[in-house]
Amino acid sequence: MSDYQYDNQTVKGFILSSIFWGVVGIVVGLLLSIQMWSPSHNFPPFFTFGRLRVVHTNGLAFGLGIGAIFGISYYILMRLTKRPLLFPKLARFHLHLFNVAIALAAVSLFAGMNQSLEYAELEWPLDIGVVILWVIFAVNVFGTIIKRKEEQMYISLWYIIATVVAVAVLYIVNNLSIPAGLFKSYHLFAGVNSANVEWWYGHNAVGFIFTTPILAMFYYFLPKSTGMPIYSHRLSIIAFWSLTFGYLWTGAHHLVYTPLPDWIQTLAIVFTIFLIAPSWGSVVNGFYTVGADWSKMRTNYLTKFFIWGIAFYGLQTVQGPTQALRVVSQLIHYTDWVPGHVHMGTMGWVTMTVAACIYYIIPKIYNTEIYSEKVANIHFWLVLIGQLMFSITMWITGIQQGAMWKAVNPDGTLKYTFMEVLSKNYPYWQLRTVAGLIFTVGMLFFIYNIHMTIRKGKALVAAKA
Amino acid sequence: MANSVLYKNPILFAVVVTVVVLIGTVVTLFYPMMTAEMHPKLEGLKPYTPLELAGKDVYQQEGCIGCHTQTVRPLKAEVLRYGEYSKAGEFAYDQPFLWGSKRTGPDLARIGGKYPDAWHQMHFEDPQSFFAESNMPKYGWLKNNKLNPSDVEAHMKALGFPYKPDEITALNGKSELDALVAYMQVIGTAVKKPAAQTE
Ligand code: HEM
Ligand code: HEM
């Protein structure tokens, strides 16, 4: 095991960094949710809603999400190749550079340096930093796989490779820009073309940051924590290839009824419907794996994290395609329905799955057990309740908003002013803050549990020495 | 099928993934990019003036896009509420496009010319004095931030927009708030519209 000690510490470093940025992002999320019903909670210039919203999305997608993806992928990589990382020092440097980049990213967004491309807000000097981080990751991923001591590449490695390749293509193309100063640039693309590039990127950021690397984790840790092999290897192969093929066609479902050419919208909608199949390939695979022995849901505390996580992924991937239909989009697009959709995915699927992986990894690194399964169960129920409450209130608000916006009197005039519709949102937005608080308390239980496990692990190591 | 060489050779695997990922990309992204359909421009559309561009920069800096859209869909109620639906050729000078995804506040695609400048100045100072239930933050503090004419000039050059030297000197003493108002007033004006019913 000692060969792995150094790399394990790198993995742990990524995990702790990811948790740290997660906390920052969640606290900002809480403030945002308050600002929506209490505008006096805007504190210019740095803490206004417009600037904070991107700190929230970037902090969580890149700080929490990518941090966890780097760390947990390294962990999976070592296990599936049966060797330490090929470049351990480089991986450690990767960790430090990652934290510097995220810190600078947060500062720059607070300062208003914003490309206004959703999920690609960072200005060009930071984009270059992100590309360097990605290249380092790719070098270690491919290097370690090439020098592996296990002939077959397990499913998780496919998803990691797909992530490395796809994110590189997406990120570079969408961030092509004309620098106009050290902290300012303009998109290389204009108007409808700019929109098409941005949402090709935007939807696939969801696909290759919030989906494929999380599936890599799911396919590795579900069998590990339950001791049951994946139900169908053949199904994983079909699901993998159809997912990677299908995703790239679908970005324009975000631009339904905009001036983007109709044929691109329609093609995107068709492929979006098709995506249900590969997504549910993984859902079915997960359920049938545990289906061999459902008692695991009770006896193994991690199983329920994974199974509920993949269940939310399943719901998400039915809801998403439904949203893309013109008849649905015209009602819910631009409303609070969409944040409801988003948070079921991010809180229910991504954060739940990542937390479960961390529960598995940290004790393994210290050769011990989790500090408290009971605390983990409390964490589970709180984040579940918080997330459901968040999503359900936002779905209701969204439908109400959409319906009121389009309501017309018999004489052909609009029934409600914009303000009348807005004022109806306040109770729901307040409930959302409560939901966010419940979720946050759940995450605090998680952090406490990890902290105590590490303490216990360190004491063990000290006792041995 | 799982025993094929593909699942044993990471480089081959990565190459195949790249090809698979690029098919949809070429059809829906690179191909249309080569056609005129993706580069439309309305006849009446003019590039931004230095003051307007500075205002657009402020719009981006403050993340207004997080709450406001700039595209009216061709749907009956939406045209009634905001005005003429958006045309592809209106956005030729928008790098990036600023259509947005969320209407916490109303759409702004037809805001240009709807109110006088003074209305905007006062509304930015204190949105709640116009609409008691608005949740928009106050932006009066933007008037303390003076524009830097040489920065704006560099931005105009980067985009290749034409300008006269006196348009740059005229920026002296102007604030970010002035610029933002100028930007508001030009949005959507390339399309002549029948007046919207309400805001
Ligand atoms: C306490 C927990 C959280 C709260 C209170 C919260 C609150 C919010 C709020 C108020 C918004 C803006 C919605 C709007 O503009 O209408 C938002 C957007 C967003 N949040 Fe969260 N959030 C939380 C957790 C998370 C987590 C854990 C993630 C990701 C891992 C996340 C990812 C996002 C994303 C991607 C958006 C953008 C959605 C869009 O553009 O449609 N949030 N959040
Ligand atoms: C087959 C799978 C999925 C499809 C087809 C899909 C489809 C969609 C559609 C059509 C929208 C735009 C809605 C609108 O604005 O009207 C959307 C937004 C979004 N979805 Fe999904 N979704 C899927 C899965 C997921 C998953 C797994 C996540 C994970 C977190 C996710 C996160 C998001 C985010 C973050 C946005 C908001 C983008 C923004 O407005 O800034 N989606 N999705």
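The values are calculated or read from the model by the stated rules, or taken from the named source; none is laboratory data. Keep in mind that what you see is a predicted model, and the values were worked out from it rather than measured. Please note: Cβ atoms are built from the backbone with ideal geometry, for glycine as well, and neighbour counts cover all protein chains shown.
Looking at A:GLU198, is it facing chain B (nearest Cβ under 9 Å), surrounded by fewer than 23 Cβ atoms within 10 Å (Cβ to Cβ) and charged (D, E, K, R)?
Taking the combined requirement at face value, the residue does not satisfy it.
Does the range A:106-133 hold any residues that are without any contact (Cβ under 8 Å) to a residue 12 or more places away in the chain, more than 13 Å from chain B (Cβ to nearest Cβ) and among the small types (Gly, Ala, Ser), and which are they?
Within the range A:106-133, the subset without any contact (Cβ under 8 Å) to a residue 12 or more places away in the chain is A:107, A:116, A:128.
Still in the list and also more than 13 Å from chain B (Cβ to nearest Cβ): A:107, A:128.
If the condition is that a residue be without any contact (Cβ under 8 Å) to a residue 12 or more places away in the chain, more than 13 Å from chain B (Cβ to nearest Cβ) and among the small types (Gly, Ala, Ser), then no residue fits.
To keep it simple, each residue is scored yes or no on (1) touching a residue at least 60 places away in the same chain (Cβ under 8 Å); (2) within 14 Å of ligand 1 (Cβ to nearest atom); (3) more than 27 Å from A:GLY71 (Cα to Cα); (4) assigned to a helix (DSSP H, G or I).
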{"position": "A:ALA311", "(1), (2), (3), (4)": "no, no, no, yes"}
{"position": "A:GLN319", "(1), (2), (3), (4)": "no, yes, yes, yes"}
{"position": "A:LEU331", "(1), (2), (3), (4)": "yes, no, yes, yes"}
{"position": "A:MET344", "(1), (2), (3), (4)": "no, yes, no, yes"}
{"position": "A:TRP349", "(1), (2), (3), (4)": "yes, yes, no, yes"}
{"position": "A:MET352", "(1), (2), (3), (4)": "no, yes, no, yes"}
{"position": "A:ALA356", "(1), (2), (3), (4)": "yes, no, no, yes"}
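Checking A:ILE136 against (1) within 14 Å of chain B (Cβ to nearest Cβ); (2) within 28 Å of B:LYS8 (Cβ to Cβ); (3) in contact (Cβ under 8 Å) with a residue 40 or more places away in the chain; (4) not charged (D, E, K, R), which test does it fail?
Of the numbered conditions (1) within 14 Å of chain B (Cβ to nearest Cβ); (2) within 28 Å of B:LYS8 (Cβ to Cβ); (3) in contact (Cβ under 8 Å) with a residue 40 or more places away in the chain; (4) not charged (D, E, K, R), the odd one out for A:ILE136 is (1).
Taking the range A:35-50, which residues are assigned to a helix (DSSP H, G or I), within 16 Å of ligand 2 (Cβ to nearest atom) and touching a residue at least 12 places away in the same chain (Cβ under 8 Å)?
Result: A:PHE49, single match.
Mind listing just one residue for me: the one in the range B:71-91 that is more than 8 Å from every other protein chain (Cβ to nearest Cβ) and touching a helix residue (DSSP H, G or I) at 6+ places or on another chain (Cβ under 6 Å) and, of those, surrounded by the fewest Cβ atoms within 10 Å (Cβ to Cβ)?
The residue in question is B:TYR85.
What are the residues in the range B:158-176 that are surrounded by 12 or more Cβ atoms within 10 Å (Cβ to Cβ), more than 25 Å from B:GLN121 (Cα to Cα) and more than 18 Å from the chain's Cα centre (by Cα), if any?
B:TYR163
Per-residue answers, yes or no, for (1) among the aliphatic types (A, V, I, L, M); (2) not in a loop (DSSP other than H, G, I, E, B):
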site: B:ALA14; (1), (2): yes, yes
site: B:THR18; (1), (2): no, yes
site: B:THR28; (1), (2): no, yes
site: B:GLY55; (1), (2): no, yes
site: B:GLY100; (1), (2): no, no
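Conditions: (1) within 10 Å of chain B (Cβ to nearest Cβ); (2) within 13 Å of ligand 2 (Cβ to nearest atom). A:GLY65 meets all but one. Number of the miss?
Result: A:GLY65 fails condition (1) only.
Identify all residues within the range B:30-39 that are more than 7 Å from chain A (Cβ to nearest Cβ) and either in a helix (DSSP H, G or I) or touching a residue at least 24 places away in the same chain (Cβ under 8 Å) (or both); write none if there are none.
B:PHE30, B:TYR31, B:MET34, B:ALA36
Could you count how many residues in the range A:383-431 are polar (S, T, N, Q), without any contact (Cβ under 8 Å) to a residue 12 or more places away in the chain and more than 10 Å from chain B (Cβ to nearest Cβ)? Quick ask: steps written out before the conclusion?
Within the range A:383-431, the first condition is being polar (S, T, N, Q), and the residues that meet it are A:387, A:391, A:393, A:397, A:400-401, A:409, A:413, A:417, A:423, A:425, A:430.
Within this subset, residues satisfying the condition of being without any contact (Cβ under 8 Å) to a residue 12 or more places away in the chain are A:409, A:413, A:417, A:423.
Next, only the ones that are more than 10 Å from chain B (Cβ to nearest Cβ) stay: A:409.
Of the residues in the range A:383-431, 1 are polar (S, T, N, Q), without any contact (Cβ under 8 Å) to a residue 12 or more places away in the chain and more than 10 Å from chain B (Cβ to nearest Cβ).
Yes or no: the range A:68-79 includes at least one residue that is more than 14 Å from chain B (Cβ to nearest Cβ), within 16 Å of ligand 2 (Cβ to nearest atom) and either of a type outside the set (Val, Ile, Thr) or touching a residue at least 60 places away in the same chain (Cβ under 8 Å) (or both).
Yes, the range A:68-79 has at least one match.
For A:LEU90, all conditions in the list (1) without any contact (Cβ under 8 Å) to a residue 60 or more places away in the chain; (2) more than 16 Å from ligand 2 (Cβ to nearest atom); (3) surrounded by 18 or more Cβ atoms within 10 Å (Cβ to Cβ) hold save one; what is the number of the exception?
Here A:LEU90 clears every test but (3).
Out of the residues in the range A:19-34 meeting the condition of being within 16 Å of ligand 2 (Cβ to nearest atom) and more than 14 Å from chain B (Cβ to nearest Cβ), tell me which one is surrounded by the fewest Cβ atoms within 10 Å (Cβ to Cβ).
Step by step, filter the range A:19-34, then rank; the result is A:ILE26.
Say we look at the range B:134-149 and pick out the residues that are more than 10 Å from chain A (Cβ to nearest Cβ) and assigned to a helix (DSSP H, G or I); which of these is surrounded by the most Cβ atoms within 10 Å (Cβ to Cβ)?
For the range B:134-149, the residue satisfying everything is B:PRO149.
Go through (1) touching a Phe, Trp or Tyr at 6+ places or on another chain (Cβ under 6 Å); (2) outside any strand (DSSP E or B) and name the single condition A:ILE178 misses.
(2)
If we scan the range A:281-296, do we find a residue that is within 9 Å of ligand 2 (Cβ to nearest atom), more than 14 Å from chain B (Cβ to nearest Cβ) and at pLDDT 95 or above?
The answer is no, given that none of the residues of the range A:281-296 is within 9 Å of ligand 2 (Cβ to nearest atom), more than 14 Å from chain B (Cβ to nearest Cβ) and at pLDDT 95 or above.
Which one is nearest to the other protein chains (Cβ to nearest Cβ), of the residues in the range A:208-252 that are within 12 Å of ligand 2 (Cβ to nearest atom) and farther than 19 Å from A:PHE312 by Cα?
A:TRP249
Given the conditions (1) over 28 Å from B:GLU133 (Cα atoms); (2) assigned to a helix (DSSP H, G or I), and given that A:ILE370 satisfies all but one, which numbered condition is not satisfied?
Exception for A:ILE370: condition (2).
Answer yes if at least one residue in the range A:408-416 is in contact with a Phe, Trp or Tyr (Cβ under 9 Å, 6 or more places away or on another chain) and either in a helix (DSSP H, G or I) or among the acidic types (Asp, Glu) (or both), and no otherwise.
Within the range A:408-416 (the criterion being in contact with a Phe, Trp or Tyr (Cβ under 9 Å, 6 or more places away or on another chain) and either in a helix (DSSP H, G or I) or among the acidic types (Asp, Glu) (or both)), the answer is no, since none of the residues qualifies.
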